[in-house]
Amino acid sequence: MLFNNRTERYFVWVFFPLALLMPLFLEQNTFYVSKLTTVMIFAIFVMSLDYLVGRCGLITLGHAMFYGLGGYIFVMIAPEYEAVNFWVYTFYICVIAAAVALVIGFLVLRTSGIYMIMITLAFAQMTYYFFSDSLDFGGNDGVFIYVKPDTSLFGLSLFDLENPTHFYYLCLLSLFNTLFFFRLVTRSRFGRVIDSIHENPGRTTALGYNIFVFRLMAYTMASALGAYAGYLFTLQYGFVNPSMLAWTTSGSALVMSILGGIGSIYGAILGVLVYEGLHFSLEHLTEHWLLFMGALIILMVILFKNGIAGYLEKLLERR
Amino acid sequence: MNNNVILESQVILETEGLCKYWGGLKALDDISLKFHDRELHGIVGPNGAGKSTLLNLLCGHYKPTSGRIVHEGAPIDAIKPYAFARRGIGRSFQKTNIYPNATCLENCSVAVQRRMGGSFNFLRSRHRQEVLEEIATEALEKVGLLSRRNEVAAHISYGEQRQLEIAMVLATSPCVLLLDEPMAGMGHEESQLIIELLKQLKQEYCIVLVEHDMDAVFELSDKLTVMVDGQHLTTGTVDRVRDDPRVKEAYLGQGDEVY
Amino acid sequence: MENYNKFMRTLLAGTVVATLSAQALADNAEPIKVGVMLPFSGIYAALGDAGRNGLKMALKEHAGELHGRQIEFIEMDTEAKPERAPEIASSLLNQHHANFIIGPVHSGVAMGMIKVLKDQDTIMIIPNAGANAATGPLCAPNIFRTSFSMWQPSYPMGQVALDSAYKRVVTMSWNYGAGRESLEGFEEAFKAGGGEIIKQIMVPFPKTEFQSYLSEIGSINPDAVFVFFAGGGAVKFVKDYDALGLKGKIPLLGSGFLTEGTTSAQGPSAEGIRTTLHYADGLDNEVNTKFRQNYQQMFGKEADIYAVQGYDAGLLIAKAVDQLGGDISDQAALIQAMESTTLLSPRGEVSFSKAHNPIQNIYLREVVDGANKVIDVPAAKLEDPARGCKL
Amino acid sequence: MTTSLFFVQLINGLQYGLLLFLIASGLTLVFGVMGILNLAHGSMYMVGAYLAWYFVQQTGSFTLSAVISAIIALLIGIVVERTLIQRLYRRNHLDQVLLTIGMIFVFNALQSILWGNDPLGVQVPDAMSAAIPLTDVVEYPVYRLFVALLCVAIAAIMYYMINRTRLGMLIRAGESNREMVECLGIDISRLYTIVFAIGVMLAAVAGVIAAPMSSIVPGMGEHVLIACFVVVVIGGMGSIKGALIGALLVGLVDTFASVLLPQLSSMMIYILMAFILLIKPQGLFSS
């Protein structure tokens, strides 16, 4: 069984069928479809961060760098007025982002703990200012993508990216694949080593593993996925802005990941859903939504020891 | 133990003028030792004698300030810490050092997997290849933990955790075992189990044992080294070392752990 | 691109038909929905507050001209985060079906909004963000601006500087679109008249440590300094300029935002600073006097340019609704009505250019006792060149 | 660059660095002793500045306002530690991150509700409104020199307290070994409350004394927070001496980069931090 945790299995069985049917109920209101799409895109991003932080013990405050790069790489390499192939560019973007992650990971993974948090932040800020100061990519105001890629694969076009519902299903599929992929990875032999490194790096070195290489692999993989999420986000509205790379984006992703239950992978979806749901309803209720948001976050930290996923697990295991 | 075996067996691990300074402090000063195959080499000395430092150097955890470590004829003091383990130098730690949240089997599987390969296989299940788990199970069996196979390491007794740690080292299929106080904090019966285990193991491996339990060391060692203040005092058979007046002086003079 | 346009047209046609039929059924009693997309938290919050205050005040004052239609406000906090802009705009457009969407303050947010709202069945009215592109290359029939283009308030300052016999000028701003465009406007006029920009200093946004830059300016000792800063940064800049002794030695000129909504925080440091803007507190016209009085009464503080721009957005809505007799279901007619209005704004008469940017007077002001006093009108009825707009 | 300009920039850099030190010292103290990563530290700086403004309006005296603000900050520190932080000592850093981010939200909202969003300013106290001419054009305000000296004085007091007093001894002991302090019969939770409150007060005091030379605006805390973390990490988390060196380094590099390397100035402090961490992964003075 791939989803061997009972709570996770329930969650997968409830969430994905519901998400699959959702657009049928929301036909009249394209906004909710787009909102859910955004939530799912961000969930992919948070999931990749959750893998790094929760499974590998690599806390980064610079993950948004790859989220933003996902968009900017597309802006840089794709022709402005010509539709390119979605899958081909997905491949390009992931490879380029992975290459960047390899170099940056090589540097940042020498440090650990708070120092790693800060050095990842440093690189993210440098990239942020690079795009914000440069005139070539729209600077601080951002840049538009005028033509969305087409998604034909072997002559078969499954998704029309201009259609919000199609795009919704593309993102849902991506989200499921990401969850599935991380489940495979955590269950694999590679995952075994990563678990060991997370639990006891010294012991793992003493057993003969070069833990640096494993961490670098995990970092590269998660970063490439983060870039993929950023690429999807860019395509949704055709808009790239340096604020995607800002540390606040990394910060909110981290908050959502901790809220969802760090290291649980599927908790990322819960975290994003709850956070965005609260944000959405509170900002419609009151101008001082920040106050309630902050208070709720504080309450949740104190009440839920292992995030929402941890709380659900406790509930379900009790029976 | 038969003395002939000692003379015939070959040197596996060797140190030449090994020194480790912490700032101005000499933790280890000019240590030259030879460790032989299929022989248990005990290292004793009062607290602060540099025993653990020596082990940490031998396993690559620390880099020596000067001097060399030679393994099977090749100098290895410049290689990375993880490469020591790959050359077959396995160690256990003074403080229990396992993966407490994983099962005993999983603890050993990590160790086996290192040489079985597939660590960069991202997609295939870790449980797919049964050979790996068989070898891990064998290691557990050797230390007598077969019945604890599927229990989470944090939930087994302290003595069993020490056994598990030895099993993990065995699972890496080492040629040298560096054991740092495997009996520390154990009751008599548990110690006895470990002693029996080590007796078996030294038929197969070169073992370097740092231990405070003198009874056990005298009982097990084929060769014994005494260290004081980071310096080498004497090396020889148990009987010779035991009668050496300098050893008595060193221990009595320290007023510490008198034997 | 072809596909995109086609899609947009179909979508537009579809939504127009849908709304038309909906409108027909709902009769005119249905409230006019006004989406407000301004920052209510974070660094630009004060600007967002003022814009909203002005907007609400205008629609309240002119409630009688709405032909019985109620106004429903939907307020969304942009937090000045551009990456959230498309989503919020889409919420107002597709979830709330807002007839008008007022926003934003921040140019980056404006870009994100335009991406979603361009050519859609709603009217976007920008009450601040001055990015030239919004009424330049990105202009659209349904996008109006009641504020300014970055070029507008700073272009006339070039002539003012020349008239004051300043030849060598240092320019300085944050390194972002608005800052650069503002400096370009000044430069265009100043250089054309023979002036020389001896140094352009771009400060990383939103850094407010100005001391080192000011020390450098002191060592260059130019004839004058022209800057664009706004909000908290403007407060800090003016204070630092004074504290380091530059004030009184090197004249400080600026795009008017330098002293808008900030003079009480700047205190005596702001006295005597000359800026150009499309508004001044002391403008002597009936509308302005009444406006300032009412604003003070309603919100307990002095109105600033952001409030005026919000107010004019409200005015524009009221005028157009009035002209159409309360029926705003025909977008083309609505746009036509808005284009042809002339607003009697607190800043004087305002009409709209082809690109839907205001044609307005630019005033030269000087800070006297914490208020921006008009000393001249260097450019009357100034129209933005709207470079790149195909309307 | 002329010699006189170099000299002026040197003063600028040192003064900025010293102010950064003052803000960062509380952060590093709290982390060093308690192992708490307080992201809401910047909010305390903001609260200090707003309190200073409020009490200047009420009392008319900057000094009086500074004293009242410091006391209120101390009380906020005690309350926050007792009600919230105390629950998290046995949790990991990530929960602390989440909690303190929640606190940032709350403080920002309270600021907006209590004091509005308009930029505010506090005038330099009359006694220190003079300026010393440095070059023909540039002069240096006495207040800013005073602030620099005050920061040096606070650094000296902290040094004295940590190395010479009983509280300092406990703090140092608490850094190295929590159990030992408990064995000595000291109520460690009381010690933590005191340390946290002092950390909060230091940030707030920095906000108070920075108020007359900056603008008091929403979001001012977050901007300073990042700079603070850069300082503390360069110096080595938990080291007061490191924070001082780190702050001066950041102040000088930032000041000179903005003049000499304007294209890179936005990235310069991050480049500096990355560079230092690549050479010394634990910062300059980690314990």
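A quick yes/no check of all residues on (1) modelled with pLDDT of 90 or more; (2) within 9 Å of chain A (Cβ to nearest Cβ):
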site	(1), (2)
B:Arg91	no, yes
B:Leu105	yes, no
B:Ala111	yes, yes
B:Arg126	no, yes
B:Gln129	no, yes
B:Ser147	yes, no
B:Ala167	yes, no
B:Ala171	yes, yes
B:Ala184	no, no
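Any residue at all in the stretch A:175-184 that is under 25 Å from A:Thr37 (Cβ atoms), within 12 Å of chain C (Cβ to nearest Cβ) and surrounded by fewer than 20 Cβ atoms within 10 Å (Cβ to Cβ)? There is no residue in the stretch A:175-184 that is under 25 Å from A:Thr37 (Cβ atoms), within 12 Å of chain C (Cβ to nearest Cβ) and surrounded by fewer than 20 Cβ atoms within 10 Å (Cβ to Cβ).
Scanning the stretch D:46-78 for residues that are under 17 Å from D:Ile101 (Cα atoms) and of a type in the set (Val, Ile, Thr) returns D:Val47, D:Ile76.
For the condition more than 20 Å from A:Ile211 (Cβ to Cβ) and either not acidic (Asp, Glu) or not in a strand (DSSP E or B) (or both), what is the one hit in B:Gly90, B:Gly17? Step through it out loud before you land on a result.
Details: B:Gly90 fails: more than 20 Å from A:Ile211 (Cβ to Cβ).
Among B:Gly90, B:Gly17, only B:Gly17 is more than 20 Å from A:Ile211 (Cβ to Cβ) and either not acidic (Asp, Glu) or not in a strand (DSSP E or B) (or both).
No other residue among C:Ser173, C:Ser149, C:Ser182 is in a strand (DSSP E or B) and hydroxyl-bearing (Ser, Thr, Tyr) apart from C:Ser173.
Answer yes or no: is there a residue in the stretch C:300-316 that is away from every other protein chain (no Cβ under 14 Å) and surrounded by fewer than 23 Cβ atoms within 10 Å (Cβ to Cβ). Show your work before the answer.
Of the residues in the stretch C:300-316, the ones away from every other protein chain (no Cβ under 14 Å) are C:308-316.
Next, only the ones that are surrounded by fewer than 23 Cβ atoms within 10 Å (Cβ to Cβ) stay: none.
Within the stretch C:300-316, not a single residue is away from every other protein chain (no Cβ under 14 Å) and surrounded by fewer than 23 Cβ atoms within 10 Å (Cβ to Cβ).
Residues are listed down the side, and each one gets a yes or a no for (1) under 21 Å from A:Leu179 (Cβ atoms); (2) surrounded by 18 or more Cβ atoms within 10 Å (Cβ to Cβ):
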site: A:Thr248; (1), (2): no, no
site: A:Leu259; (1), (2): yes, yes
site: A:Ile262; (1), (2): yes, yes
site: A:Tyr275; (1), (2): yes, yes
site: A:Gly294; (1), (2): no, yes
site: A:Ile297; (1), (2): no, yes
site: A:Met300; (1), (2): no, yes
site: A:Lys305; (1), (2): no, no
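Among helices (runs of 4 or more DSSP H) entirely within the stretch B:142-222, having at least 1 residues that are not assigned by TED's automatic domain parsing to the domain that holds B:Gly236 singles out B:158-171.
Using the structure shown, decide if B:Asn97 is touching a residue at least 60 places away in the same chain (Cβ under 8 Å) and at the interface with another protein chain (Cβ under 8 Å from one of its Cβ atoms). Before the answer, list the steps.
Numbers: touching a residue at least 60 places away in the same chain (Cβ under 8 Å): yes; at the interface with another protein chain (Cβ under 8 Å from one of its Cβ atoms): yes.
The answer is yes for B:Asn97.
Here's the yes/no breakdown for (1) more than 28 Å from C:Gly267 (Cα to Cα); (2) without any contact (Cβ under 8 Å) to a residue 60 or more places away in the chain; (3) out of contact with any Gly (no Cβ under 7 Å at 6 or more places or on another chain):
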site	(1), (2), (3)
C:Glu339	yes, yes, yes
C:Thr342	yes, yes, yes
C:Pro358	yes, no, yes
C:Asp369	no, no, yes
C:Lys373	no, no, no
C:Asp384	yes, no, yes
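Pick from D:Ser43, D:Ser4: which is within 11 Å of another protein chain (Cβ to nearest Cβ), among the hydroxyl-bearing types (Ser, Thr, Tyr) and within 26 Å of D:Leu114 (Cβ to Cβ)? Explain how you work it out, then say what you get.
Working: D:Ser4 fails: within 26 Å of D:Leu114 (Cβ to Cβ).
Checking each option against the conditions leaves just D:Ser43.
Here C:Thr289 fulfils each of the conditions (1) within 20 Å of the chain's Cα centre (by Cα); (2) more than 30 Å from C:Asp223 (Cα to Cα); (3) among the hydroxyl-bearing types (Ser, Thr, Tyr) apart from (1). Quick one: in the stretch C:28-63, of everything that is facing chain D (nearest Cβ under 9 Å) and in a helix (DSSP H, G or I), which residue is farthest from C:Pro346 (Cα to Cα)? Looking at residues that are facing chain D (nearest Cβ under 9 Å) and in a helix (DSSP H, G or I), I get C:Ala45.
When the stretch D:211-249 is filtered for residues that are more than 19 Å from D:Ile162 (Cα to Cα) and charged (D, E, K, R), only D:Glu222 remains.
In the stretch B:34-93, what residues are among the hydroxyl-bearing types (Ser, Thr, Tyr) and buried (at least 16 other Cβ atoms within 10 Å of the Cβ)?
Matches in the stretch B:34-93: B:Ser52, B:Thr53, B:Tyr62, B:Tyr82, B:Ser92.
Could you grab me the full set of residues in the stretch A:23-47 that are part of a helix (DSSP H, G or I), closer than 18 Å to A:Gln236 by Cα and free of Cβ contacts under 8 Å to residues at least 40 places away in the same chain? Before the answer, list the steps.
Restricting attention to the stretch A:23-47, the residues satisfying the condition of being part of a helix (DSSP H, G or I) are A:23-25, A:30-47.
Filter once more, so that each one left must be closer than 18 Å to A:Gln236 by Cα: A:23, A:30-46.
If the condition is that a residue be part of a helix (DSSP H, G or I), closer than 18 Å to A:Gln236 by Cα and free of Cβ contacts under 8 Å to residues at least 40 places away in the same chain, then A:Phe31, A:Tyr32 are the ones that fit.
Here the helices (runs of 4 or more DSSP H) wholly within the stretch A:63-150 that include at least 2 residues being more than 10 Å from every other protein chain (Cβ to nearest Cβ) are A:64-77, A:86-108. Evaluate the following for B:Arg126: is it without any contact (Cβ under 8 Å) to a residue 24 or more places away in the chain, surrounded by 16 or more Cβ atoms within 10 Å (Cβ to Cβ) and basic (Lys, Arg)? Criteria met by B:Arg126. Take the residues of the stretch A:206-245 that are within 14 Å of chain B (Cβ to nearest Cβ) and among the polar types (S, T, N, Q): which is surrounded by the fewest Cβ atoms within 10 Å (Cβ to Cβ)? Ranking the candidates gives A:Asn210 first.
Looking for whichever is over 22 Å from C:Leu258 (Cβ atoms), of a type outside the set (S, T, N, Q) and either surrounded by fewer than 24 Cβ atoms within 10 Å (Cβ to Cβ) or free of Cβ contacts under 8 Å to residues at least 24 places away in the same chain (or both) here; the options are C:Ile71, C:Ile101, C:Ile123, C:Ile114. Which one fits? Before the answer, list the steps.
Working: C:Ile101 fails: either surrounded by fewer than 24 Cβ atoms within 10 Å (Cβ to Cβ) or free of Cβ contacts under 8 Å to residues at least 24 places away in the same chain (or both); C:Ile123 fails: either surrounded by fewer than 24 Cβ atoms within 10 Å (Cβ to Cβ) or free of Cβ contacts under 8 Å to residues at least 24 places away in the same chain (or both); C:Ile114 fails: either surrounded by fewer than 24 Cβ atoms within 10 Å (Cβ to Cβ) or free of Cβ contacts under 8 Å to residues at least 24 places away in the same chain (or both).
Just one listed residue meets the conditions, C:Ile71.
The values are calculated or read from the model by the stated rules, or taken from the named source; none is laboratory data. Since the model is a prediction, treat every value here as computed from it, not as a measurement. Neighbour counts run over all protein chains shown; Cβ positions are idealised from the backbone, glycine included.
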